[in-house]
């Protein structure tokens with residue numbers, strides 16, 4: 001028994017220090033590796049979606065027809081509707097949301113594809129990942145979702161506004177579409193905890209999306225705030241006229257429940 005030996009305190013300390021140094025080096029390298037793999041996967045999926053979109057545009061050009069396009073500007077630049085964009089994603093076996101697809105002279109000139117909390121962007125020359133979050137992203141992802149647009153169109157058959165602060169249908173005697181849109185955006189990785197928005201139906205049957213870069217509360221009642229305005233059609237096409245223009249909104253208590261909303 002007297003001949004048994006163990007590790008000394010110094011040996012244990014040295015071993016722990018060595019392991020700590022190895023972990024400090026290995027963990028960042030491993031994380032960087034997995035980030036690179038994930039970015040390559042995202043870019044590959046974006047490339048697949050772009051390839052399917054280009055093939056579709058090319059077929060339209062060869063056929064001499066742009067009949068499936070609903071909106072065309074004077075410079076012959078065309079954009080797809082949300083349902084048409086979803087068809088392209090499905091054909092490419094994608095899991096994201098094609099928020100924007102524009103083509104000119106039989107080729108795709110601009111594409112934005114949202115997947116795993118980032119955008120894959122095609123500017124006509126380069127396919128890249130955009131990790132920056134902008135308020136614009138919220139409206140793009142929402143308008144780019146065919147299922148959400150269908151909910152909005154259905155809701156607006158009998159209503160005139162949708163609010164982010166509205167409670168769920170289970171919490172109040174409401175349709176709950178505002179809550180479902182909020183949940184959808186959160187599930188898509190949208191950072192909306194410090195934002196408030198409302199969707200209004202306009203006189204010409206399009207929709208106006210108002211978004212404020214703060215969470216409105218009871219303390220804001222009666223205040224005038226600055227919000228950003230976006231106009232989009234029932235098919236999810238976002239208008240470039242007045243895009244993200246600043247407007248004044250008034251905070252008031254909702255007539256349907258104990259929550260606060262923005263109104264022009």
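Below are the figures for this structure:
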read-out: Computed over the stretch 145-263: relative contact order in percent, which uses C-alpha pairs under 8 Å that are six or more apart; value: 21
read-out: Fewest-first ranking of 180, 110, 85, 41, using other Cβ atoms within 10 Å as the exposure measure; value: 41, 110, 180, 85
read-out: Relative packing of peptides 213-220, 125-132 - highest average C-beta neighbours within 10 Å first; value: 213-220, 125-132
read-out: Pairwise FRET efficiency - residue 168 versus residue 104, Cβ, R0 = 35 Å, nearest 0.05; value: 0.20
read-out: Gyration tensor (alpha-carbon) shape descriptor, the stretch 145-263, a/c threshold 1.5; value: rounded
read-out: Nitroxide proxy distance, nm - points 7 Å out along Cα→Cβ at residue 218 and residue 123; value: 4.8
read-out: Virtual spin-label span in nm between residue 246 and residue 203, 7 Å along Cα→Cβ; value: 2.7
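The numbers here are math on the coordinates, done by the rules we state, and not lab data. Since the structure is predicted, the reported quantities are computational estimates derived from the model, not experimental observations. Cβ coordinates were reconstructed from backbone atoms using ideal geometry, including for glycine residues, and neighbour counts include every protein chain displayed.
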